[in-house]
1. Looking at Val114, Val107, Val81, Val89, which is the one that is under 20 Å from the mean Cα position of the chain (by Cα) and not small (Gly, Ala, Ser)?
2. List every residue pair whose Cβ atoms lie under 8 Å apart, where the two residues are 6 or more positions apart in sequence or sit on different chains, the first residue falls within the range 27-52 and is acidic (Asp, Glu), and the second residue, located anywhere, is assigned to a loop (DSSP other than H, G, I, E, B).
3. For the range 77-93, indicate whether the set of residues that are over 23 Å from Glu32 (Cβ atoms) and surrounded by 13 or more Cβ atoms within 10 Å (Cβ to Cβ) is non-empty.
4. So, in the range 176-209, of the ones that are closer than 20 Å to Ser143 by Cβ and in contact with a helix residue (DSSP H, G or I) (Cβ under 6 Å, 6 or more places away or on another chain), which residue ends up surrounded by the fewest Cβ atoms within 10 Å (Cβ to Cβ)?
5. Can you tell me which condition Asp69 does not meet? The list is (1) more than 27 Å from Phe128 (Cα to Cα); (2) surrounded by 14 or more Cβ atoms within 10 Å (Cβ to Cβ); (3) among the charged types (D, E, K, R); (4) modelled with pLDDT under 90, and all the others hold.
6. Please determine, by comparing only the residues of the range 29-59 that are among the small types (Gly, Ala, Ser) and at pLDDT 85 or above, which one is surrounded by the most Cβ atoms within 10 Å (Cβ to Cβ).
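The values are calculated or read from the model by the stated rules, or taken from the named source; none is laboratory data. Nothing here was measured: the structure is a model prediction, and the numbers come from that model. Every residue, glycine as well, gets a Cβ built from its backbone with ideal geometry; the counts of neighbours run over all protein chains shown.
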Amino acid sequence: MPLFEGIAYGTEKNAVIIDIGKAYTKCGFSGETSPRCIIASEVKRQKSGLIVKVCSCNSSEDLYGILVDFLHTIYFRHLLVNSRDRRVVICESILCPSLFRDTLAKVLFKHYEVPSVLFAPSHLVALFTLGASSGLVMDAGYSETLVLPVYEGIPLLKAWQAVPLGGQVLHRHLESELLETAVVHSDDSVEAKPLSSLGGSLNEKILEDIKVRCCFVTDLTRAKRIQTARLQESGLGTAASTERKHL
């Protein structure tokens, strides 16, 4: 038994918090300021040995097996706690499919025998960390960016807006820029070779590492200069200025 469980013996244990995203999953305990771990939302199947994405399965039976293996990794490799002793809070998106929610609840209750499960809207609990009951929440995820207003603790579902722009778009942009302009120097050859000649695509983990280490959000003035320069390179900037003169 871990030391922190022995210290808390005899008192109510902190609930397990799990936030399963399309690319990454955050998990930890209530009352702590940050997640215990952030892991990729993928798992190696015990039977086949294949690595599969947690959110990429549409079959209820396959999804059940994937979630069993995935939660086993969370409980017994990262959190190191007994699932029967702790309540569970699932931070989910308002767009989470019913199949995924129902299957996840079935796995937690039947396989891991947790005492209780609470599904909390992730956009609502994000405001709770600020002590605010109303606000405009923007969730920039891997596949899309969603904006949802919350008023007095109630998400206004009729007013939500989403665009298919997220971390995946940044990955594709980085990949296209690298394949187009990057070169590779090797000891065997004096001349540098284009990166595109070595392979068709780049690994997602490499792109994620570049994004985390090197990318940042610039200021508005610099962003406008970059956009203007790109439009001029493509010829769209000249056409737009000509059109304004005619108007």
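1. It is Val89.
2. Hits for this filter: Glu32/Asn14.
3. No, the conditions are met nowhere in the range 77-93.
4. Leu202
5. All conditions pass for Asp69, except number (4).
6. Step by step, filter the range 29-59, then rank; the result is Ser41.
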